[in-house]
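Peer 1: A single structure is presented below for examination.
The values are calculated or read from the model by the stated rules, or taken from the named source; none is laboratory data. Just so we're clear, the structure is a prediction, and the values are computed from it rather than from any experiment. Every residue, glycine as well, gets a Cβ built from its backbone with ideal geometry; the counts of neighbours run over all protein chains shown. Accessible surface areas use protein heavy atoms only, side chains included; no ligands, DNA or RNA. Shrake-Rupley method; radii C 1.70, N 1.55, O 1.52, S 1.80 Å.
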Amino acid sequence: MYSHRVTPISSPPSAISRPGSGSFPSSSNHAHPAKTTLGLSVVEDPVSGARVTNIAWGGPAHLSGAISKGDVVVAVDGVPITPSNMFERLRGDDTPGSRCVLTVEREVEGGVDVSVIRVSAARVAGLQRVKSEVAALVVAARAKALDG
């Protein structure tokens with residue numbers, strides 16, 4: 001369903017949404033909830049960009065399989081991320097189905113370009129709720145099995 005491409009880059013060059021909320025952290029630049037998400041939570045990295053603190057299960061970043069907690073997003077569509085443009089760059093045009101290329105740096109592997117497609121924030125929030133409900137059912141089933 002989602003198309004993604006990971007391309008190593010030759011030289012290595014904060015939350016998109018709160019998990020399950022579909023909205024950006026408080027910011028004067030973003031007074032309304034985001035319609036789309038990349039499924040990332042990030043914080044400003046003091047040196048180079050936006051450090052990934054969480055990846056929403058079922059979101060575009062998770063489905064790409066190419067972005068991990070601790071990675072630093074240093075550019076979106078070739079434009080470097082700065083503290084003043086971080087949320088604007090990650091939000092992009094806020095249109096479901098829009099594609100963007102995230103330049104991601106890792107301590108071990110260096111940098112890669114990851115192509116992801118923005119999806120509805122409500123859809124990712126719904127997937128998060130389903131995942132939580134299934135996890136609760138599994139815990140209940142295991143407890144019941146132990147009780148015998």
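Peer 1: Looking at segment 38-50 only, could you name the residues that are buried (at least 19 other Cβ atoms within 10 Å of the Cβ) and touching a helix residue (DSSP H, G or I) at 6+ places or on another chain (Cβ under 8 Å)?
Peer 2: L38, G39, L40, V42, G49, A50
Peer 1: Okay, moving on. Kindly provide the set of residues from segment 51-93 that are part of a loop (DSSP other than H, G, I, E, B), surrounded by fewer than 15 Cβ atoms within 10 Å (Cβ to Cβ) and either touching a Ser or Thr at 6+ places or on another chain (Cβ under 8 Å) or on the phi < 0 side of the Ramachandran plot (or both), ordered by number. Walk me through it before giving the result.
Peer 2: Going through segment 51-93, the residues part of a loop (DSSP other than H, G, I, E, B) turn out to be 56-59, 65-71, 77-78, 81-85, 92-93.
Okay, now just the ones that are also surrounded by fewer than 15 Cβ atoms within 10 Å (Cβ to Cβ), so 65, 68-70, 77-78, 82-85, 93.
Of everything in segment 51-93, those that are part of a loop (DSSP other than H, G, I, E, B), surrounded by fewer than 15 Cβ atoms within 10 Å (Cβ to Cβ) and either touching a Ser or Thr at 6+ places or on another chain (Cβ under 8 Å) or on the phi < 0 side of the Ramachandran plot (or both) turn out to be S68, K69, G78, T82, P83, S84, N85, D93.
Peer 1: From the list V104, V130, V124, V134, which one is touching a strand residue (DSSP E or B) at 6+ places or on another chain (Cβ under 6 Å) and modelled with pLDDT of 85 or more?
Peer 2: Working: V130 fails: touching a strand residue (DSSP E or B) at 6+ places or on another chain (Cβ under 6 Å); V124 fails: modelled with pLDDT of 85 or more; V134 fails: touching a strand residue (DSSP E or B) at 6+ places or on another chain (Cβ under 6 Å).
Being touching a strand residue (DSSP E or B) at 6+ places or on another chain (Cβ under 6 Å) and modelled with pLDDT of 85 or more holds for just one of V104, V130, V124, V134, which is V104.
Peer 1: Just give me the residues in segment 26-50 being part of a strand (DSSP E or B), small (G, A, S) and modelled with pLDDT under 90, in sequence order. First the steps, then the outcome.
Peer 2: From segment 26-50, those part of a strand (DSSP E or B) are 36-37, 40-45, 49-50; that's our starting set.
Within this subset, residues satisfying the condition of being small (G, A, S) are 41, 49-50.
Once the filter is applied, which keeps residues that are part of a strand (DSSP E or B), small (G, A, S) and modelled with pLDDT under 90, segment 26-50 yields S41, G49.
Peer 1: I need every pair where a residue in segment 117-132 that is over 19 Å from A66 (Cβ atoms) has its Cβ under 7 Å from the Cβ of a residue that is of a type in the set (A, V, I, L, M), sequence separation at least 6 or different chains.
Peer 2: A121/A34; Q128/A56
Peer 1: Looking only at segment 116-148, which residues are over 12 Å from the mean Cα position of the chain (by Cα) and outside any helix (DSSP H, G or I)?
Peer 2: Of everything in segment 116-148, those that are over 12 Å from the mean Cα position of the chain (by Cα) and outside any helix (DSSP H, G or I) turn out to be S120, G148.
Peer 1: Go over the candidates V72, V79 one by one and state the one that is modelled with pLDDT of 85 or more and touching a helix residue (DSSP H, G or I) at 6+ places or on another chain (Cβ under 9 Å). Step through it out loud before you land on a result.
Peer 2: On the way: V72 fails: touching a helix residue (DSSP H, G or I) at 6+ places or on another chain (Cβ under 9 Å).
On inspection, the qualifying residue turns out to be V79.
Peer 1: Please enumerate the residues belonging to segment 94-115 that are open to solvent by 50 Å² or more (accessible area, probe 1.4 Å) and in a strand (DSSP E or B).
Peer 2: If the condition is that a residue be open to solvent by 50 Å² or more (accessible area, probe 1.4 Å) and in a strand (DSSP E or B), then R99 is the only one that fits.
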